[in-house]
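Reading through the structure tokens given below for one structure.
The values are calculated or read from the model by the stated rules, or taken from the named source; none is laboratory data. Note that the coordinates shown come from a computational prediction; the quantities given were computed from them, not determined experimentally. So basically every Cβ, Gly included, is an ideal-geometry build from the backbone, and we count neighbours across all protein chains shown.
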Amino acid sequence: MLPLFFRAITQRTTIMKRSRKITALAGGVGASKLLLGLYAEMDPRNLTIIVNTGDDITLHGLKISPDLDIVTYTLAGLIDPKKGWGFRRETFHALQRLMIYGRENWFNLGDRDLATHIHRTALLAEGKSLADAADAIRLALGVKSQILPMVNEPVPTIIDSNEGPLHFQEYLVKRRAEPIVRGIRFHGVDSAKPAPGVLESIHQADRIFVCPSNPLISIGPILAVPGIRDALRHRRNDVIAVCPIVGGKSLKGPSDKMLAQLGHDSSATGVAKLYADFTGTFIIDPQDRSQSAAISALGLQVVVVPSIMKTLAQKRRLARNVLAL
């Protein structure tokens, strides 16, 4: 049994960790795993999440925000754990009826998920912003953390491919990431502004985490918003990034393929090079320990901890390790 003094120190350290203000930059499925761990390991009211909206798309007249919904559903305990998106035990009757009417069905929209998109579309039609809609949805689902879109304006991610320009969802879902990527652009981002609260959350946070999301099309759009990358550079010593590449492979999605096709190294070092100007600490998996020296040479502090998150216990363990920094 620990002496009373050491028990008090341990308890005080735990309280300090739980009371820190954390801001996280996030994409969808990969990010949601770490976010769920953080949500469990700290006071969730002190967690603010800036979410990529480059994936947003309009289908069947509805405004769909995949990454915002994945993060919200995950923290609300509603996500389908096998797919990492959508509601668990979802049905697709409406989508099947849309097929009968000759409408496209390549993007899976579940029946309960449709309610979210209808609600968001109605709020936007009433003059509310995307940030207003995101806040209304997360409150209705009982999520305690702040969830902010990176911008309120549409800034769709466009993949320039060997088949021509494709919306990211067309590239990823409709074409299953088969086209060769020749370039990535975020349409309209130069004239966009960070959504209310985004820059403030970066300035006021005790630590800023970059979740293990695709650096090109999940974190990349957030960084492209005027003012965000500069704000992170000013907080560089407090920025901690978790690498989404382990052993040269993506933890989720086509990150490795996209990096290679655009001339980047599909490795922890390759991602570190993309983040080096605004990140002070870079977390890699033990599989990539041999790259520690190369990453350190970029001016980053390297932390080696298990970063593969298949179970809730692993998600919470990584969250504890990140918070301990």
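Just a few scattered comments:
- Comparison of D277, D285 shows that the only residue that is surrounded by 15 or more Cβ atoms within 10 Å (Cβ to Cβ) and among the acidic types (D, E) is D285.
- Here the condition is being small (G, A, S) and surrounded by fewer than 18 Cβ atoms within 10 Å (Cβ to Cβ); of G263, G270, it holds for G263 alone.
- The set of residues in region 85-110 that are more than 23 Å from T53 (Cβ to Cβ), in contact with an Asp or Glu (Cβ under 7 Å, 6 or more places away or on another chain) and either hydrophobic (A, V, I, L, M, F, W, C) or surrounded by 13 or more Cβ atoms within 10 Å (Cβ to Cβ) (or both) comprises R88, F92, A94.
- Yes/no for K252 being surrounded by 18 or more Cβ atoms within 10 Å (Cβ to Cβ), in contact (Cβ under 8 Å) with a residue 60 or more places away in the chain and more than 26 Å from T157 (Cβ to Cβ): no
- Scanning region 55-65 turns up no residue that is more than 19 Å from K174 (Cα to Cα) and either at pLDDT 95 or above or under 15 Å from the mean Cα position of the chain (by Cα) (or both).
- If you filter region 181-227 down to residues that are of a type in the set (G, A, S), farther than 21 Å from I240 by Cα and touching a strand residue (DSSP E or B) at 6+ places or on another chain (Cβ under 6 Å), you find that the one that is surrounded by the fewest Cβ atoms within 10 Å (Cβ to Cβ) is G183.
- Of all residues in region 197-231 being of a type in the set (A, V, I, L, M) and over 16 Å from the mean Cα position of the chain (by Cα), the one that is farthest from M258 (Cα to Cα): A205
- Scan region 128-166 for residues that are in contact with a Lys or Arg (Cβ under 9 Å, 6 or more places away or on another chain) and not in a loop (DSSP other than H, G, I, E, B) and the total you get is 16.
- Qualifying residue in region 159-167 (condition: touching a strand residue (DSSP E or B) at 6+ places or on another chain (Cβ under 7 Å), among the polar types (S, T, N, Q), modelled with pLDDT of 95 or more and closer than 21 Å to V225 by Cβ): no
- Qualifying residue in region 68-79 (condition: at pLDDT below 95 and over 30 Å from G188 (Cα atoms)): no
- D230 passes every criterion in (1) closer than 24 Å to D190 by Cβ; (2) touching a strand residue (DSSP E or B) at 6+ places or on another chain (Cβ under 7 Å); (3) of a type in the set (D, E, K, R) apart from (2).
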